[in-house]
Each structure stands twice: as structure tokens, then as C-alpha cells.
1. Starting from segment 362-380, take each residue that is part of a helix (DSSP H, G or I) and list its partners that are of a type in the set (Lys, Arg), counting only C-beta distances under 7 angstrom and pairs at least six apart or across chains.
2. Just to be sure I understand, how many residues within segment 204-225 are in a helix (DSSP H, G or I), in contact (Cβ under 8 Å) with a residue 60 or more places away in the chain, crowded, with 17+ Cβ neighbours inside 10 Å and over 13 Å from the mean Cα position of the chain (by Cα)?
3. Contact list please: Cβ distance under 9 Å, first residue in segment 340-360 and more than 14 Å from ILE311 (Cα to Cα), second residue assigned to a loop (DSSP other than H, G, I, E, B), pairs at least six apart or on different chains.
4. Inside segment 227-241, can you point out the residues that are within 15 Å of SER276 (Cα to Cα) and of a type in the set (S, T, N, Q)?
5. Could you please find all residues in segment 246-304 being assigned to a loop (DSSP other than H, G, I, E, B) and either among the aliphatic types (A, V, I, L, M) or surrounded by 19 or more Cβ atoms within 10 Å (Cβ to Cβ) (or both)?
6. Which of (1) farther than 23 Å from GLY72 by Cα; (2) in a loop (DSSP other than H, G, I, E, B) does ILE184 not meet, given it meets every other one?
7. Looking only at segment 56-92, count every residue that is touching a helix residue (DSSP H, G or I) at 6+ places or on another chain (Cβ under 9 Å), over 16 Å from THR21 (Cβ atoms), part of a loop (DSSP other than H, G, I, E, B) and without any contact (Cβ under 8 Å) to a residue 60 or more places away in the chain and tell me the total.
8. So, LEU23, is that one touching a Phe, Trp or Tyr at 6+ places or on another chain (Cβ under 9 Å), surrounded by 14 or more Cβ atoms within 10 Å (Cβ to Cβ) and in a loop (DSSP other than H, G, I, E, B) or not?
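A short reminder: the numbers here are calculations on the coordinates, not readings from a lab. On a predicted model such as this, the values are computed, not experimentally measured, just so you know. Using ideal geometry, Cβ is built from the backbone for each residue, glycine included, and neighbour counts are taken over all protein chains shown.
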Amino acid sequence: MNHTASTAFVREIMMDFAGLTGLEPPGARPMRYLWTDAFAVCAYLELFRRTNDETCLDLALRLVDQVHHILGRHRDDDARRGFISGLSETEGALHPTAGGLRIGKRMNERKAGEPPDPRLEWDRDGQYYHYLTKWMHALNRVAAATRDPVYLRWAMELAQAAHAAFTYAPPAGDRKRMYWKMSIDLARPLVSSMGLHDPLDGLVTYHELQTAVARNFEGSVQLDLFHESADAAAICRGMSFATDDPLGTGGLLFDAWRIAQLIREGGFCDEGLLASVMDAALFGLESFVASNTPALPADVRLAFRELGLAIGLKGVENLQEEIREHPGVFGRSSSLQQRAEFLMGYVPLADTIDQFWMDKRNREASTWIEHREINMVMLAISLAPGEFLRVQD
């Protein structure tokens, strides 16, 4: 599919998404879900970049507004009202991310004192750290597209609130950890285990935001994330990030590409971490190929997880070029270059995944329909990944 055709297809997907979720035309009860909406913002921004159609930029900005005024507030089926930060209506509108943002799950969160049910917990609301980092990234891209520092300030305020709530020092141990899931008001953990990639996502995203402030908005955003970055780096130290989850592997590839961009920009100085992330991504890709997933029928596959891998693979060629073209930055050792070459061998998988899910027959499978909105947006980003993969313009 050529550039023009892919742009038209992505636009069709994203306009359908707007209608299905109550973005356009505006619905009485819009369906907002933070992970999906973070990717959707980037999809609309990429369409705007490609077509210069102000409608697409308007949809991105309206989506940000809906997320903040729906997921930044208490649920309709909750006795609590107003912004989850506890701020007044006036202050809450000025600082909509100061209390974090709800996931957007269909069921309310588990009540304090209620025994956990691992099966139900997946359907219950609360806050996920890795969803919040995706929203920080989306806000940074909006700030870059609009040159409006308020979006970056909201991202920085979200980073500070999330880090303060999700990180903790165990009673016995010399290293902080992170909760997997917090309550809507960030007052108590709902799942105490730590996500495998949450500290890495935080570290890279904090550096992304800090670099954006220094490059484009110094003086306009009077916030910094130096403390949060140091905390996240300490948690990451010595961790293994290897996973056989394709979505997680795609996230590792995304982080590797972001780290490389930030190293070149001077906003990061840890080539060892880059090597570790690339190694973990190679393990995940080997696992995906060994699973023979691409040979399976649609009704036993999860599109959004595979498409997350495809999205990460779309940044590998740029990662390789970044390392090869800046030996003064990345060192003249062939170590990182060899890793990038190994990753390049898996890049054709992205087109295989895209082509499978572009087939209308496969999008009629129950596994597609059950997760329709997230699948739609992840396919759109995989076909038009530029704005999502970008850290700086």
C-alpha cells in the first residue's frame, strides 16, 4: 500500500473511531479509554502532518479535552464528584492531570477492604502507570504540534503525580519499587506487583519531557523531573527487561528508538541501557517467531498485541540509521550497530502483521470485535507511525 492509500485508510479508521467513541459527533456519554486515546491522539496528529487538514488537529485537541474531563474526573457511578485530584472546578480545569487519569475500565474500582479478585481486577477501573506514560508522550506530541507549552506542563504535572503515587520504598530493601495499579484517587495500591517495563517507560518518558522543555519551552514550563528520573534510573539498574509478550517487545523497541533519539539530543547518556533494551527486544522477537503466531487464524490472535510489536518494528530502521550516522555520539564500537542489524532482520514481520489485520475477513473475528476500538487505533498507528515514534521534531 502506497503512502496516499495508507493515509486514506488510516483516515477512514480514525473517523470511524471518532464516531464509535463519541468524539465526533460529540456523544452524550463518550467512551474514553486512556491507552487507546493516547495512541489515537498521535494518529490524528500524524494525519494532520500528512494532509495539513485542520480537522485532524481539531480531533486531537478535542480528544485531549474529553480525556481530561472524563478520565480526570470521578465516574458517574461513584459517590465522589469532581476532579480526581480533589481540585476545585476552576483549578482542576487548569491542572487536569494533577491527580492522574483513570484507565476507563467498565467497572468501578475495588472498594477499600474488599478482597481482590484477579479475574475481575482486569475489568475494574483505577490507574495504570504505563497508560499514564503513554498519555505523557501524547501530550508532548501535541505540545510540539501546537507549540503550546500548556500541554507539556500537563504532561510534567502528570509525571510528578504518577511518580509520587506509584513509587514506594519497601520496608526491607534498598531500592524503590513501583505498584502496578493504583486506586482512582492514587491513595492506595490495587495491585502491588511491579510491571516489568514500568520503570523503563517512566525513565525514558521523563527524559523525553525534560528534553522537550529544554529544547522548546525553557522559561515557559517551570517544572523539572530530575528527582523522578534519578528514582526511575535506580529502579531500572540491573533489571532484565526480556519478555515473550509481543506488545511488551514492541514497547521495548519504541523505548530503544526513543533512547537513541535522546542520546543524540544530549538528553540521555546511558548507552548501556540502550544495549540492554535492544537485547531484551531481540529475545522477544525470537520468542514471537518461535511461537509461530503469524501462521495462526485470527480468532486465536490478539490484534492489538501484535500491532504493538509492528509499531515498535517501524522504528528499527531509524534506530539503525541513528547509531550508524552518529559514531561520535554512540561510540565507534560495532556493538550497538550489530544489535541494530540483528533487529533489522525482523522488520519484515511488521508488514506481515499489518497485511493480516488489514484483511477485512480477519477483522470479522471475535478477537477483533471484542477489542475493536483499541485494535482499530493500533492498526492506524502501525500504518502511520511517524508522529507516535517521534520524540523531537
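1. Pairs that qualify, where the first residue is part of a helix (DSSP H, G or I) and the partner is of a type in the set (Lys, Arg), are THR367/ARG301.
2. Number satisfying all stated conditions: 6.
3. That search, which allows pairs on different chains as well, returns PHE356/ARG301; MET358/MET1.
4. Result: SER240, single match.
5. GLY267, PHE268, LEU296, ARG301, LEU302
6. Result: ILE184 passes all but (1).
7. Of the residues in that region, 3 qualify.
8. yes
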